[in-house]
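Enquirer: Once you've had a glance at the structure underneath, I'll fire off some questions.
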Amino acid sequence: MAKHTTPVVLDPTGSDIQGESARLRERGPAALVELPGGIRAWSVTDAAVLEQLLSGPDVSKNARQHWPAFRDGEIAEDWPLLPWVAVNNMFTAYGPDHRRLRKIVAPAFTHRRTTALEPRIHEITEELLDGLAATPAGTPTDLRERFAYPLPIRVICELMGVPADLRTRLRQCVDGVFDTSLSPEQSQANYAALYELMFELVARRRDHPGDDMTSLLVAAADDVDTPLTELELVDTLMLVIGAGHETTVNLLDQAIYQLLLRPQLRAQLLAGQVEWSALIEEVLRFEAPLAHVPLRFAVRDLTVGEVVIAQGEPILAGYAGANRDPAVHGATADEFDPTRALKTHLAFGYGAHHCLGAPLARLEATIALPAIFQRFPEIELAVAPAELGAVASFISNGHHHLPVYLSTPREPRT
């Protein structure tokens, strides 16, 4: 029983997300973990159990309603993960409130609006590739910084109407939300800066509305017949803009990395022998862009395997672990194979909180990945894989940097 009562302290630097997820999975479908600040939670890495929990009313994301420690003021204001539980938006809503808020945001991600973005995604992709093409021969360049990151953040900022002069600050703040290695003081300062930025965005769009989703949400908040408070408006913008690019950044990063390791697969994709959609789904399964997503709370006592998650206890959705569940993918669960018949995954969540932006993320990847390898067919890693590092997070699953040579170097490297 000791293995169920001694928590695994999650590595805040995210240095070995898959290894950590595998160790958690070995402890059973739900394993006790310790988060920053000494907060304990249950990490669920069993795919079937996680689907069940995410699809029913027995698990909530509303800390004010279902987490006694938060409700009773026991969670400090400088707790590093506070932005994940203290906001008032559809991410943390439960039941009717969630349905109300999701209905207001859903128009941003309709099939029509997503499809309408396709020409612009092509334009941004080509612009970024043109910039990469200017890199001097034999000079390494960071594809996470110069391609995987700028594409999705530009797309979501244009969709939401974020002015260009706010985007650098926005990126810094969103990166801070996902950085689980920040000190309490750094996290609190970042949270305050993000709120300041969102209120500035709302003020600008209220004064100068446009054909963008922020303007539409501001109009909804100003409409007495629409039940959207000013705080819900700001917190919703934080969610949509932040989550609207972070997942796609990691998806592009991880997909490019896997193809840099597999020239033969790259050739098959470019020749049409393997579908790009198959690659994308396998990347989402194999390297979930968000590894652990905080937090949910047991609405009642839940028996999971040999343990009981008591009412009010926090739960982490362990997507990285669940996506490699051998019960779903068998003995090859830890192998990267875009040709596998079953590529089922939970990378975009499940149930009521399934990510509204999933079609947009897939569209961006479908456009960007073929484009970069068609433009630079000789692309290769500029460093050993072990030197890439990881995003400082047990939530966000990406590389610290992704340096490549866009063409074969003239001089051999040692």
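Enquirer: If you go through segment 259-271 one residue at a time, do you hit one that is among the small types (G, A, S), closer than 26 Å to I121 by Cβ and assigned to a helix (DSSP H, G or I)?
Expert: Step one: list which residues in segment 259-271 are among the small types (G, A, S), which gives 267, 271.
Retained after the next criterion (residues that are closer than 26 Å to I121 by Cβ): 267, 271.
Filter once more, so that each one left must be assigned to a helix (DSSP H, G or I): 267.
Among the residues of segment 259-271, at least one is among the small types (G, A, S), closer than 26 Å to I121 by Cβ and assigned to a helix (DSSP H, G or I), which makes the answer yes.
Enquirer: Here is a follow-up. Looking at (1) modelled with pLDDT of 90 or more; (2) in a helix (DSSP H, G or I); (3) under 30 Å from R362 (Cβ atoms), find the lone condition where R23 falls short.
Expert: Going through (1) modelled with pLDDT of 90 or more; (2) in a helix (DSSP H, G or I); (3) under 30 Å from R362 (Cβ atoms) one by one, R23 breaks only (3).
Enquirer: Within segment 294-326, count every residue that is of a type in the set (G, A, S) and either surrounded by fewer than 13 Cβ atoms within 10 Å (Cβ to Cβ) or in contact with a Phe, Trp or Tyr (Cβ under 7 Å, 6 or more places away or on another chain) (or both).
Expert: Summing the residues that are of a type in the set (G, A, S) and either surrounded by fewer than 13 Cβ atoms within 10 Å (Cβ to Cβ) or in contact with a Phe, Trp or Tyr (Cβ under 7 Å, 6 or more places away or on another chain) (or both) in segment 294-326 gives 2.
Enquirer: Within the bounds of segment 339-358, is there any residue that is over 27 Å from L132 (Cα atoms) and either β-branched (V, I, T) or in contact with a strand residue (DSSP E or B) (Cβ under 7 Å, 6 or more places away or on another chain) (or both)?
Expert: yes
Enquirer: Follow-up question, since we're still on this one. Exactly one condition in (1) surrounded by 21 or more Cβ atoms within 10 Å (Cβ to Cβ); (2) under 20 Å from the mean Cα position of the chain (by Cα) is not met by L82; state its number.
Expert: Among (1) surrounded by 21 or more Cβ atoms within 10 Å (Cβ to Cβ); (2) under 20 Å from the mean Cα position of the chain (by Cα), L82 violates only (1).
Enquirer: Of all residues in segment 339-375, count the ones that are over 17 Å from A47 (Cα atoms), small (G, A, S) and surrounded by fewer than 20 Cβ atoms within 10 Å (Cβ to Cβ).
Expert: Of the residues in segment 339-375, 3 are over 17 Å from A47 (Cα atoms), small (G, A, S) and surrounded by fewer than 20 Cβ atoms within 10 Å (Cβ to Cβ).
Enquirer: Continuing with this model, one more query. Can you tell me which residue among E200, E230 is loosely packed, with under 15 Cβ neighbours inside 10 Å, under 21 Å from A93 (Cα atoms), without any contact (Cβ under 8 Å) to a residue 60 or more places away in the chain and touching a helix residue (DSSP H, G or I) at 6+ places or on another chain (Cβ under 9 Å)?
Expert: It is E230.
Enquirer: Let me ask you something else. Among the residues of segment 142-179 satisfying the criterion of being touching a Leu at 6+ places or on another chain (Cβ under 9 Å) and among the small types (G, A, S), which is farthest from D211 (Cα to Cα)?
Expert: Step by step, filter segment 142-179, then rank; the result is G176.
Enquirer: Consider only pairs whose beta carbons are under 7 Å apart and that are at least six residues apart or on different chains; among these, list those whose first residue lies in segment 32-43 and is farther than 17 Å from D78 by Cα and whose second residue is in a strand (DSSP E or B) and of a type in the set (S, T, Y).
Expert: V33/S43
Enquirer: Any chance segment 62-84 includes a residue that's touching an Asp or Glu at 6+ places or on another chain (Cβ under 7 Å) and assigned to a loop (DSSP other than H, G, I, E, B)?
Expert: Yes: segment 62-84 contains one or more residues that are touching an Asp or Glu at 6+ places or on another chain (Cβ under 7 Å) and assigned to a loop (DSSP other than H, G, I, E, B).
Enquirer: Sticking with this structure for a sec: Looking for something surrounded by 14 or more Cβ atoms within 10 Å (Cβ to Cβ), at pLDDT below 95 and of a type in the set (V, I, T) - is there at least one such residue anywhere in segment 248-264?
Expert: The answer is no; no qualifying residue exists.
Enquirer: Only residues that are aliphatic (A, V, I, L, M) and in contact with an Asp or Glu (Cβ under 8 Å, 6 or more places away or on another chain): list them for segment 210-248, please. Steps first, please.
Expert: Start the filter on segment 210-248 by keeping residues that are aliphatic (A, V, I, L, M), which leaves 213, 216-221, 224, 228, 231, 233-234, 237-241, 243.
Correct list: A221 only.
Enquirer: Could you check segment 89-208 for helices (runs of 4 or more DSSP H) lying wholly inside it with 1 or more residues that are under 17 Å from M238 (Cβ atoms) and under 20 Å from the mean Cα position of the chain (by Cα)?
Expert: Correct list: 96-105, 150-160, 167-178, 184-207.
Enquirer: Looking only at segment 217-236, which residues are over 21 Å from N62 (Cα atoms) and in a helix (DSSP H, G or I)?
Expert: Once the filter is applied, which keeps residues that are over 21 Å from N62 (Cα atoms) and in a helix (DSSP H, G or I), segment 217-236 yields L217, V218, A219, A220, A221, D222.
Enquirer: Could I ask something else about it? Would you say G351 is in contact with a Leu (Cβ under 8 Å, 6 or more places away or on another chain) and more than 21 Å from Q264 (Cα to Cα)?
Expert: yes
The values are calculated or read from the model by the stated rules, or taken from the named source; none is laboratory data. Quantities reported herein were computed from a predicted structural model and do not represent experimental measurements. In this analysis, Cβ positions are derived from the backbone assuming ideal geometry, glycine residues included, and neighbour counts consider all displayed protein chains.
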